[in-house]
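Data first, discussion second: the structure below is written as structure tokens.
The values are calculated or read from the model by the stated rules, or taken from the named source; none is laboratory data. None of the values given here were measured: they were computed from a predicted structure. No Cβ is skipped: glycine too gets one built from the backbone with ideal geometry, and neighbour counts run over all protein chains shown.
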Amino acid sequence: MNEFELIEQITHGIPTQSGGLIFGIGDDCAMIEGRNGKDMLVTTDSLYEGVHFKREWITPRALGRKSLSVNVSDIAAMGGKPLYYLVSIGIPKGFPENDVKELFDGMAQIAATFKMILIGGDTCASKSGLLITVTAIGEIDSGKALLRRGACPDDLVYVTGTLGGAALGLAALEKGMRSLEMREYLKRHDDPTARVTTGAWLAASTCVTSMIDISDGLAQDLSHIADASGVGINIFADLIPLNDGFATDASACHKDPLILALTGGEDYELAFTVPKEKAKLFEKMLSVVAPTFGHKVTKIGEVVTGSGVRVKDIHGTELPVSSKGFEHRF
Ligand code: ADP
Ligand code: MG
């Protein structure tokens, strides 16, 4: 069973409505009615030793940064502003005290960039490695959040940044490759950037119909938009944005660049949809602000009637993609 089937099973039949809850399970964050014209966004994500990281691969400070960034990314995926975080930590026997401090300093560095405040957590001993669970809370103007469920046929699909870099970084770690060429990808893997400014701008643009962050691979995460919106999505392989020299760097690691970009996890870029009739206006507005974002935004596909995600080559022929992305299996 994969994680999505398990979530479906455990959440089936439990109450999903209560006063003040706008929605719970099924998007990047849960959303609760706030005050003063704001909605509150709540999300939680864990990083477990042996599952998400090996201690010899990442410094405690970088691990701290990543633990908060991956949570903030889910707030960015709704267009929200991050405000608070809580940290639950399971510490294995013999784990150096100074490393715990480094971990929290790493989180504090990311928190400082967004003016987030640590408001609680839990501290336990762990018998199975280092366990970190972060909960992040944010806010957004009422009714402005971008959901997975808003995509419509004829919308265009865009992504921020470049894809596959974090997965190539992971491959380099697994192969023990630490060359200069791999350094950029190792950084992508260890220290992702949550696209908060971009997400907030996209939510305010009134041109975007749905959005998600890419944590498990482009194809997998777009399939969540497709499922939630009741539509199909076509991605054009030749339009997918890659780092300069990515194909060469991927083959040095014996990896297929397109498979990395389509199915590699942990890029934490945003994927979103814009109605075709608004695309011209959207791209014009974007060209004014994009230089301040520090990353590009690329059109990669279209929303169609139907279901699922298809990847097409330059001739429109469907490419077989054996896996859609990363999933936990039980
Ligand atoms: P993301 O990749 O954005 O963090 P996930 O794919 O992990 O989102 O989760 C999808 C949805 O399922 C989210 O709304 C999340 O809160 C919910 N979810 C995941 N695991 C559980 C669980 N154990 N109990 C309840 N809800 C869960
Ligand atoms: Mg997400």
Open item on the list: If PRO82 satisfies all but one of (1) within 16 Å of ligand 1 (Cβ to nearest atom); (2) within 28 Å of MET31 (Cα to Cα); (3) surrounded by fewer than 18 Cβ atoms within 10 Å (Cβ to Cβ); (4) under 19 Å from the mean Cα position of the chain (by Cα), what's the number of the condition it fails?
Closed with: (3)
TODO: Among the candidates ILE240, ILE212, single out the residue that is buried (at least 17 other Cβ atoms within 10 Å of the Cβ), at pLDDT 95 or above, within 18 Å of the chain's Cα centre (by Cα) and more than 16 Å from ligand 1 (Cβ to nearest atom).
DONE: ILE240
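Residue by residue, here is whether (1) among the hydroxyl-bearing types (Ser, Thr, Tyr); (2) in the same structural domain as ILE233 (by TED's automatic domain parsing); (3) closer than 28 Å to ASP191 by Cβ holds:
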| position | (1), (2), (3) |
| --- | --- |
| GLY264 | no, yes, yes |
| TYR268 | yes, yes, yes |
| ALA271 | no, yes, yes |
| LYS280 | no, yes, no |
| MET285 | no, yes, no |
| LYS296 | no, yes, yes |
| LYS299 | no, yes, yes |
| GLU302 | no, yes, no |
| HIS328 | no, no, yes |
- [ ] Inspect region 197-205 for any residue being over 21 Å from ALA77 (Cβ atoms), out of contact with any helix residue (DSSP H, G or I) (no Cβ under 8 Å at 6 or more places or on another chain) and surrounded by 18 or more Cβ atoms within 10 Å (Cβ to Cβ) and give the result as yes or no.
- [x] no
Open item on the list: Quick check on my filter: what residues within region 122-144 are in contact with a Gly (Cβ under 6 Å, 6 or more places away or on another chain) and small (Gly, Ala, Ser)?
Closed with: SER126, GLY129, GLY138, SER142
Open item on the list: Give me the helices (runs of 4 or more DSSP H) completely within region 196-270, filtered to those with at least 3 residues that are more than 16 Å from ligand 2 (Cβ to nearest atom) and either touching a residue at least 24 places away in the same chain (Cβ under 8 Å) or hydroxyl-bearing (Ser, Thr, Tyr) (or both), ordered by residue number.
Closed with: 196-204, 246-252, 257-263
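Yes/no matrix, rows are residues, columns are (1) within 10 Å of ligand 1 (Cβ to nearest atom); (2) assigned to a strand (DSSP E or B); (3) within 26 Å of LEU68 (Cα to Cα):
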{"site": "ILE14", "(1), (2), (3)": "yes, no, no"}
{"site": "GLY19", "(1), (2), (3)": "no, no, no"}
{"site": "ILE22", "(1), (2), (3)": "no, yes, yes"}
{"site": "ILE32", "(1), (2), (3)": "no, yes, yes"}
{"site": "VAL42", "(1), (2), (3)": "yes, yes, yes"}
TODO: Working only within region 65-100, note down all residues that are charged (D, E, K, R), part of a helix (DSSP H, G or I) and in contact (Cβ under 8 Å) with a residue 40 or more places away in the chain.
DONE: ARG65, LYS66, ASP74
- [ ] Evaluate the following for GLY79: is it on the phi > 0 side of the Ramachandran plot, within 16 Å of ligand 2 (Cβ to nearest atom) and not assigned by TED's automatic domain parsing to the domain that holds ASP221?
- [x] yes
